[in-house]
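Step one of this worksheet: look at the structure below.
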Amino acid sequence: MTTNPTAAKAQSELALPLSTEKSDWLKSTIRDIPDFPKPGIIFKDITTLLKDPVAFKYAIDVICEHIRPMNVEYIVGIEARGFILGSVVAYNLNKGFIPIRKPNKLPHKVEKVSYDLEYGTDTVEIHMDAVAKGQRVALVDDLLATGGTAAAAYKLLEKLGAEVATIGFITELAFLDGRKKMPKDVDVFSLISY
Ligand code: AMP
């Protein structure tokens, strides 16, 4: 609780869910690229958000304030845009950062999980010694679409015995129902939703 009205306003502006005004503004900083990487996909390009210092700081601040009270030891980011967000969140919260990568990129022994795509499969990997059993982590990525990637990342952390406190995204494509693939007992958040 704060008694300072300016601080209270700043705090509420960072709380989830965002106001329609804040959410619409954040949406306006993300660029739609039709038919990328395949026909029919509208790619949500966050490079324009990252380039805007006010939007970038605001998005990071919202994520940090959401994760701050959860007492996690590490922020885990999914390659590649989850690295950009996750490392800044980790730095701000004084936590360590752990990468989850595409296959054959991590140099040490890995744990891996494969998951189905529309055509074929994909795999994510984490260093076997990245997290110790029982350590609390927050998982972040830029976007939740069908949920396959985040669900596989969650499974990796589960294999290592980590306790996942929250799974967070800037953007959620709610019409793809990715939340259905998220673990039921874990906090899941997004800043904006389509
Ligand atoms: P999914 O596994 O379907 O939830 O897809 C999530 C992953 O794919 C995230 O790492 C996103 O960066 C990327 N992704 C999927 N769909 C899109 C999209 N329409 N725009 C931008 N990134 C996307």
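The values are calculated or read from the model by the stated rules, or taken from the named source; none is laboratory data. This is a predicted model, so every value here is computed, not measured. Note: ideal-geometry Cβ built from the backbone for every residue, glycine included; neighbour counts use all protein chains shown. Side chains are part of the model used for accessible areas, which takes the heavy atoms of the whole protein and leaves out ligands, DNA and RNA. Shrake-Rupley method; radii C 1.70, N 1.55, O 1.52, S 1.80 Å.
Okay, here's what the table says:
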quantity	calculated
Tally of residues being open to solvent by 50 Å² or more (accessible area, probe 1.4 Å), without any contact (Cβ under 8 Å) to a residue 60 or more places away in the chain and within 14 Å of the chain's Cα centre (by Cα) across the range 66-82	1
Residue under evaluation residue 99, criteria (1) crowded, with 21+ Cβ neighbours inside 10 Å; (2) touching a Gly at 6+ places or on another chain (Cβ under 7 Å), criterion not met	(1)
When residues of the range 112-165 are limited to those that are more than 15 Å from the chain's Cα centre (by Cα) and acidic (Asp, Glu), the one most open to solvent (accessible area, probe 1.4 Å)	118
Subset of the range 107-121 (residues that are in contact with an Asp or Glu (Cβ under 9 Å, 6 or more places away or on another chain) and of a type in the set (Phe, Trp, Tyr))	115
Elements of type strands (runs of 3 or more DSSP E) contained in the range 95-194, each with 3 or more residues being closer than 21 Å to residue 26 by Cβ, touching a His at 6+ places or on another chain (Cβ under 6 Å) and within 16 Å of the ligand (Cβ to nearest atom)	none
Of all residues making up the range 5-24, the number that are touching a residue at least 24 places away in the same chain (Cβ under 8 Å) and open to solvent by 90 Å² or more (accessible area, probe 1.4 Å)	1
Odd one out for residue 27, checked against (1) at pLDDT below 95; (2) open to solvent by less than 60 Å² (accessible area, probe 1.4 Å); (3) among the basic types (Lys, Arg)	(1)
